[in-house]
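Contents: one structure, followed by commentary.
The values are calculated or read from the model by the stated rules, or taken from the named source; none is laboratory data. Given the structure is predicted, the values throughout are model-derived calculations rather than measurements. Glycine also receives a Cβ, built like all others from the backbone with ideal geometry; neighbour counts cover every protein chain displayed. Areas reflect the complete protein model, heavy atoms only, side chains present, ligands, DNA and RNA absent. Shrake-Rupley method; radii C 1.70, N 1.55, O 1.52, S 1.80 Å.
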Amino acid sequence: MQILCEQNITEKLFTLYNQLLAQHGNRKWWPADTPFEVALGAILTQATSWRNVEKAMDNLKNADAFTAEEIASISQPTLERLIRPSRYFRMKAQKVRAFVEHIAERPMHVMFTQDVPELREELLSIYGVGPETADTIILYAAGKPSFVVDSYTYRLFSRLGWVTGNYNYDKLRALFMDNLPHDVDLFNEYHALIVGHGARVCHKKTPNCQECRLRGSCAYYKASE
Ligand code: SF4
């Protein structure tokens, strides 16, 4: 993946942020009440929609299997059945189990005393926790500044003409980490706005460019005029 917007990146990132904020308002993320719930949602949302995650979360809540301790006490087949709506449920049940077992030894509040690089390394050492899941947990559960990127970010930035080539998580994340102040509220809101924009306006198949405040500076839109 190549970064194409090499001049004045900080200014461009802030301009984009303000445009997204003007279009969508404050998103107040992440939709969870506890750090463990954030981590659970971050694992369950891998390769599926949030709607499917909500169904799996509701099943867990209704079965009184919503905390790490409660999940530790249920069988693997039961866990698989409860999270089935989130797709890839067998693999995800293993990932949830691995996370629950890890925090039984190293509680989240203990892990969260570390700085971002060490915390990220520990999270990435847990089975099933990749970079996006790790950064989600760091930002939304630990409240520490680690920018989260995803397929929505890549789609938006490709269409704007800021990046080209194959998706590379680390390079795309570095664009934010290297050019924005490490501010938790900014990172929290920025990621939420990008996801909201991808879900509501810049759709995968048919982007709704007429409703989009970014179209004046969007390469995809200019090419389609
Ligand atoms: S103008 Fe269209 S393609 Fe460009 S960011 Fe907006 S919705 Fe996406």
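What the table below lists for this structure:
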item	result
Overall dimensions of the range 88-153 by Cα: Rg and Dmax, Å	11.9, 34
Tilt relative to the chain, helix 151-160 - C-alpha long axis, 0 to 90 degrees, to 10	0 degrees
With DNA, RNA and ligands ignored, accessible area of Val38 (1.4 Å probe; Å², nearest 10)	10 Å²
Reference-scaled alpha-carbon Rg (2.2 N^0.38 Å with N residues) for the chain	1.07
On Cα atoms only, tilt of 9-24 relative to the major axis of the chain in degrees	70 degrees
Computed [θ] at 222 nm, deg cm²/dmol, the chain (DSSP H ≥ 4; -39,500 (n - 2.57); rounded to nearest 500)	-17000 deg cm²/dmol
Restricting the range 1-42 to GluC sites (Glu not before Pro) in coil, as DSSP defines it, with at most 16 other Cβ within 10 Å	Glu6
Apportionment of accessible area to carbon and sulfur, the chain, percent (1.4 Å)	48 percent
Kirkwood Rh and Cα Rg combined as Rg/Rh, the range 1-65	1.17
Ellipsoid equivalent to the range 35-141 - semi-axes via the Cα gyration tensor, in Å	22, 15, 12
Selection from Asn59, Met111, Pro145, by position along the positive dipole direction of the chain (Cβ)	Asn59
Gaussian network model of the chain, Cα within-10 Å springs - most flexible of Arg87, Arg51, Arg173	Arg51
Heavy-atom surface of the range 35-141, accessible at 1.4 Å and reported per residue (Å²)	48 Å²
Rounded tilt (10° steps) of 89-105 against the dominant C-alpha axis of the chain	70 degrees
Accessible area in the full protein assembly, largest first, 1.4 Å probe, for His109, His191	His109, His191
